[in-house]
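Here the structure is laid out as structure tokens; the discussion comes afterwards.
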Amino acid sequence: MPLYFLLHDAGRFRREVRPALSEAWRRRSFEPCRALCAALAPAAADFAARYHTGADEPLLARAARGDVPFDRDLWRLLVGEALLYAATAVPEVPTAVDALRCLLAPSHAPARREEFDDLARVHYGSRDLVFAGAYYRPESAGYSDADDVGRLAGWLQGVDVTRWRLSDLSGMAEFDDGERAEELEFARDVAFPALRDLYRQARDAGQVVVCEIV
């Protein structure tokens, strides 16, 4: 399943996005997030025009007008839209999760977010997305705040990819040696540098990184 990275300005995420969505859940009303939805509506319209998503109006545009009664499922849909349209960037980042796990942390990925190692946090977020006690897609979405991003950027920077060897991928038993060699090259030369650059740039820009499996 595709993994997306959404970069958010940390100040706006903290001051505007999370409080509005949290208050909407707390009050069981979309009224507290109407201003946020109105501010994001132009970005939603631009996205629809650019990617030809169809004629259906985004939920946040309707919420901005006050046309939508509160519903828990609609609230989660609205959170997803807000996370997308409030993002300053949604970079295309190639991933090689299985290969990197063999190369960096040869063990099974922890199932619970609080037990994630750094490799899992880089891909899936350090924290659950929680708004006033309500979890947004806890098994499929998470985020790393500015402090997390800074620490993860430092961890990625310290990895020496020249130490990686083909034998490190022996756990990928479904591949032959030629396929493992391709996986090693892709992880070393494409996927890992892309992750390292993503977190370095997010750290330098003071951004939050939201990770979502879609």
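Some notes on this structure:
- Scanning region 131-172 for residues that are within 14 Å of TYR199 (Cβ to Cβ) and open to solvent by less than 10 Å² (accessible area, probe 1.4 Å) turns up SER144, VAL149, LEU152, ALA153, LEU156.
- Selection of region 105-123 for residues being farther than 30 Å from ARG27 by Cβ and part of a helix (DSSP H, G or I) yields GLU115, ASP118, LEU119, ALA120, ARG121, VAL122, HIS123.
- Counting only helices (runs of 4 or more DSSP H) that sit completely within region 57-104, those holding 3 or more residues that are open to solvent by 50 Å² or more (accessible area, probe 1.4 Å) correspond to 72-85.
- Some residue of region 206-213 being open to solvent by less than 60 Å² (accessible area, probe 1.4 Å), outside any strand (DSSP E or B) and either free of Cβ contacts under 8 Å to residues at least 24 places away in the same chain or more than 20 Å from LEU129 (Cβ to Cβ) (or both): no
- In the set (1) over 16 Å from LEU83 (Cβ atoms); (2) open to solvent by less than 50 Å² (accessible area, probe 1.4 Å); (3) not polar (S, T, N, Q), the condition left unmet by GLU23 is number (2).
- Number of residues in region 5-52 that are of a type in the set (Phe, Trp, Tyr) and more than 23 Å from ARG72 (Cβ to Cβ): the value is 3.
- The set of residues in region 155-191 being out of contact with any helix residue (DSSP H, G or I) (no Cβ under 6 Å at 6 or more places or on another chain), touching a residue at least 12 places away in the same chain (Cβ under 8 Å) and closer than 19 Å to ARG121 by Cβ consists of GLN157, VAL159, ALA191.
- The set of residues in region 20-38 being assigned to a loop (DSSP other than H, G, I, E, B) and polar (S, T, N, Q) consists of SER29 alone.
- Flag for PHE13 being open to solvent by less than 30 Å² (accessible area, probe 1.4 Å), under 24 Å from SER140 (Cβ atoms) and aromatic (Phe, Trp, Tyr): yes
- Filter pass, ASP128 being modelled with pLDDT of 95 or more and either open to solvent by 60 Å² or more (accessible area, probe 1.4 Å) or aliphatic (A, V, I, L, M) (or both): no
- Candidate set from region 105-125 (those that are in contact (Cβ under 8 Å) with a residue 24 or more places away in the chain and under 19 Å from ASP197 (Cα atoms)); member that is surrounded by the fewest Cβ atoms within 10 Å (Cβ to Cβ): ASP118
- Just one residue in the set PHE192, PHE175, PHE186 is at pLDDT below 95 and surrounded by 14 or more Cβ atoms within 10 Å (Cβ to Cβ); that residue is PHE175.
- Which numbered condition GLY206 misses (of (1) under 17 Å from LEU104 (Cα atoms); (2) modelled with pLDDT of 95 or more): (1)
The values are calculated or read from the model by the stated rules, or taken from the named source; none is laboratory data. Values in this document were obtained by computation on a predicted structure and should not be read as measured data. A quick note on method: Cβ atoms are made from the backbone with ideal geometry, for glycine too, and the neighbour counts reach across all protein chains shown. Just the protein is used for accessible areas: all its heavy atoms, side chains included, with ligands, DNA and RNA removed. Shrake-Rupley method; radii C 1.70, N 1.55, O 1.52, S 1.80 Å.
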